[in-house]
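The block underneath contains the structure these notes are about, expressed in structure tokens.
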4 protein chains.
Amino acid sequence: MKKPNAKERILETAAGLFFQRGYSGVGINEIIEKAGTAKASFYQHYPSKESLCEAWLKSVHEKSEAFAETLLGGPGSASEKAAAYFEHLERLLVESGYRGCPYSNTGALSVEKSPGICRQIRLHKESTRRRFRQIAALAIADPAEAELVGDTLFVLQSGAMGEAQNLRETWPVEVARRAAVALLER
Amino acid sequence: MKKPNAKERILETAAGLFFQRGYSGVGINEIIEKAGTAKASFYQHYPSKESLCEAWLKSVHEKSEAFAETLLGGPGSASEKAAAYFEHLERLLVESGYRGCPYSNTGALSVEKSPGICRQIRLHKESTRRRFRQIAALAIADPAEAELVGDTLFVLQSGAMGEAQNLRETWPVEVARRAAVALLER
Amino acid sequence: MKKPNAKERILETAAGLFFQRGYSGVGINEIIEKAGTAKASFYQHYPSKESLCEAWLKSVHEKSEAFAETLLGGPGSASEKAAAYFEHLERLLVESGYRGCPYSNTGALSVEKSPGICRQIRLHKESTRRRFRQIAALAIADPAEAELVGDTLFVLQSGAMGEAQNLRETWPVEVARRAAVALLER
Amino acid sequence: MKKPNAKERILETAAGLFFQRGYSGVGINEIIEKAGTAKASFYQHYPSKESLCEAWLKSVHEKSEAFAETLLGGPGSASEKAAAYFEHLERLLVESGYRGCPYSNTGALSVEKSPGICRQIRLHKESTRRRFRQIAALAIADPAEAELVGDTLFVLQSGAMGEAQNLRETWPVEVARRAAVALLER
DNA sequence: CATGAATGAGACTTCATTCAT
DNA sequence: AATGAATGAAGTCTCATTCAT
């Protein structure tokens, strides 16, 4: 019995599982079983589990970029945009059962062997950092100051997601949001 | 040939390995081999791998507490203490090859099955949060305000460690330190 | 993009790989990849991997026959022909990195399931045996004696190739050549 | 349900299977199933399939050495010993269903990656060569001549086993035996 | 005739854990 | 308290082959 679109189904299935239980917590067997594919079909499309991880991170990055562009292109002041961003994060966090940031969760594993995965993580993180700098530049005239504030927002957001995940509480996100707003409204 | 202190040797060996490669990246076999113990001796002292993880986290917590107490009990203003703390983190980070926070790294795994590990993480994180609130209280009179600033420092610190690990760069720690100092010197 | 001569390219590619790493050491995937063909194109030309093996052995046999006919039809005494034959073998051996006889290497696998492959091996081996008997008949009058000597040359040659391969040294071929010459010059 | 002596059972089972169908023709699964062991028990005793192959070849070598020593230490002239040796080979060959020499069969695979296996093959082959030189030295006074004849016997024996395996006939062994006797009785 | 996607079966290896001594 | 042998389950990956287009 042959089913088409195995590649898509595999990626979608893996996306859900990797996000919920982490890259190292999910095996190929479970992925292909839930995707309804044969093992060899998997390896036809992805040369290794690591490459699937890369594809997953890439797909998450695309959705993240789409949201960020919408937010940045829309109306509102810098602090409003930042607040909206943190509120969005909080919603995601609760909906996902406090699973935090897929990139940080993957980076927390010792994946030193896979440069491809590390590269995806860096790409996403640098992109996020750039977004926060753009937001800061809306409110702060001095470029150097804007960059510093942008980086601070980036660090705040990362810490908020991580600790909310660790503690299974939302207050870190709220704290970060208030700090962000304060930095931008000064 | 009986070797004493098996329990200690196991814990020390595991501490090094868990820290460097993460809880899920190290197997029991490697631990007992490097510790020079037999398989069954391991299970005599630790009923499971998870319990060893708990013991590891507990031991890390003790060292962390000792450092924090020294810092808090010593001389210096709030912002000086905070700056010293972040400089300490940066040193650890570089020395360890950018391995970040053991608790966050462990929490990034989906270890929902082990309440003991989650508990250790929460204990340590709440304790760290309390330390930052204490530092903030040194500089800020209003209790509510001090708590908020303390939580912000906590979030900053966590994000700094996480992103420094992800990017293998130290700037997130420096950014966090400057933000912390700014918050405390206002 | 259609490429002609797919069948030939497959055979040539497989010939190189089978010779170097043995029938069981080469997979279909590698063959079609290096030949630049699609999976299904392969099975259009060869119903199975075993049939490709047969085709390979057949093609090797043809080249071998051509050489033998040239040698036999040329000038020189029986012992000169035999010596030339062994010198030829030694050259091939060194050039190929001591890969020995493709037929013996294939026969060493337990390919009991494939009568076609076994048949090719037998065909080649019996033909080689006949050649040696012909050479022996040039030097030895008595037919029964000539047959025995021919068979002995055949066995010597086979052992020489096999052990040269096992030891990665050429002395077995030289030993066999000297024994062959001695048998024919008596 | 735990059974002791897994290591022995694994080696004995593997010996039979490797001999009959070749190293590459037998999988770990079949070995452990027929040996009645768990897969992890296998890897407790043998770090890899290749290491099991080495152990197998080593065990075969020991039996082979025992036979050779008995033969060499016993009574009889050089040609009688050689004849007995070839008759022994012929018996083994028929009994085993024409499976030839385990070392040559293993060496025919492209096992370039495993130096351990290659080493076992070389050890056995060089030892066999030495035995034949010893036999030749019993009949031939000149040392250089004896060495050459010994090597010739070695090559003859190898070719005989290989071609008997290829053709599933015993005549190569008989031809080799007659050639050997002729060389020693001259 | 050519193709890329799909497949069932099996490859080798490692996991954390438990048993009998 | 300490040990080496044994284990079931799961790990990632490859095999030769066939399908639908």
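Every number in this text was worked out from the coordinates using simple rules, so none of it is lab data. Source: prediction; values computed, not measured. With ideal geometry, Cβ positions are generated from the backbone for all residues, glycine too; neighbour counts draw on all protein chains shown.
Quick notes
- Placing a label point 7 Å from Cα along the Cα-to-Cβ direction at C:E169 gives distances to the equivalent points in the other copies of 3.3, 6.1, 7.7 nm, listed shortest first.
- Shielding of B:109-119 by partner chains, average beta-carbon count, 10 Å: 3
- When only the Cβ of Lys, Arg, Asp and Glu is charged (+1, +1, -1, -1), the dipole of the protein assembly as shown relative to its Cα centre reaches about 1180 debye.
- Residue exposure proxy: B:L183, A:L17, A:L123, ordered by other Cβ atoms within 10 angstrom of their Cβ from fewest to most, comes out as A:L123, A:L17, B:L183.
- Cα extents of region C:94-186 along the three principal axes, largest first (Å): 42, 31, 18
- Extension reserve of the B:T170-B:S127 stretch, reckoned as 0.36 nm per residue once the Cα distance is removed: 13.0 nm
- For region A:28-40, Karplus couplings with θ = phi - 60° (6.51, -1.76, 1.60), whole Hz, Gly/Pro x: 4, 4, 5, 4, 5, 5, 5, 7, x, 10, 7, 4, 5
- Neighbour counts of other Cβ atoms within 10 Å put D:L156, D:L52 in the fewest-to-most order D:L52, D:L156.
- Residues considered: C:L92, C:L11, C:L167. Largest GNM mean-square fluctuation over chain C, using C-alpha springs under 10 Å, is found at C:L167.
- Think of each Lys and Arg Cβ as +1 and each Asp and Glu Cβ as -1; about the Cα centre, that makes the dipole of chain B roughly 740 debye.
- The ranking of D:F19, D:F132 by Cβ neighbour count inside 10 Å, starting from the fewest, reads D:F19, D:F132.
- Once the Cα atoms are used to define both axes, helix D:6-21 deviates from the longest principal axis of chain D by about 60 degrees.
- Whole-Hz couplings from phi, Karplus 6.51/-1.76/1.60, listed for region D:101-114; x for Gly and Pro: 8, x, 5, 5, 4, 6, x, 5, 6, 7, 9, 5, 6, 9
- About its Cα centre, the dipole of region D:1-46 is roughly 140 debye, where the only charges are +1 on Lys and Arg Cβ and -1 on Asp and Glu Cβ.
- Peptide B:164-173, shielding by other chains (average Cβ, 10 Å cutoff): 4
- Exam field: C:P143 pseudo-label spacings to other copies (7 Å along Cα-Cβ), nanometres: 4.8, 10.2, 12.1
- D:V94 versus B:L72: modelled label distance in nm, points set 7 Å from Cα along the beta carbon direction: 9.1 nm
- Inter-copy label distances at C:G36, shortest first and taken from points set 7 Å along Cα to Cβ: 4.0, 5.8, 6.1 nm.
- The alpha-carbon positions of the protein assembly as shown define a convex hull whose volume is 234 Å³ per residue.
- Our coupling estimate for region D:130-138, obtained by passing each phi through the Karplus curve with A = 6.51, B = -1.76, C = 1.60 and θ = phi - 60°, is 4, 4, 5, 5, 5, 4, 4, 5, 5 Hz, Gly and Pro reported as x.
- By the helix-only formula, in which each DSSP H run with n ≥ 4 contributes -39500 (n - 2.57) and the sum is divided by residues, chain D has a 222 nm mean residue ellipticity of -26000 deg cm²/dmol.
- Unsatisfied cross-links (Cα-Cα over 29 Å) in the set D:K58/D:K113; A:K125/B:K49; C:K34/D:K58; A:K58/C:K7: A:K125/B:K49; C:K34/D:K58; A:K58/C:K7
- Closest-to-axis residue of chain D (Cβ criterion, axis taking D to B), whole Å: D:A40, 2
- Chain D, Rg to Rh (Cα coordinates; Rh as Kirkwood inverse mean 1/r): 1.03
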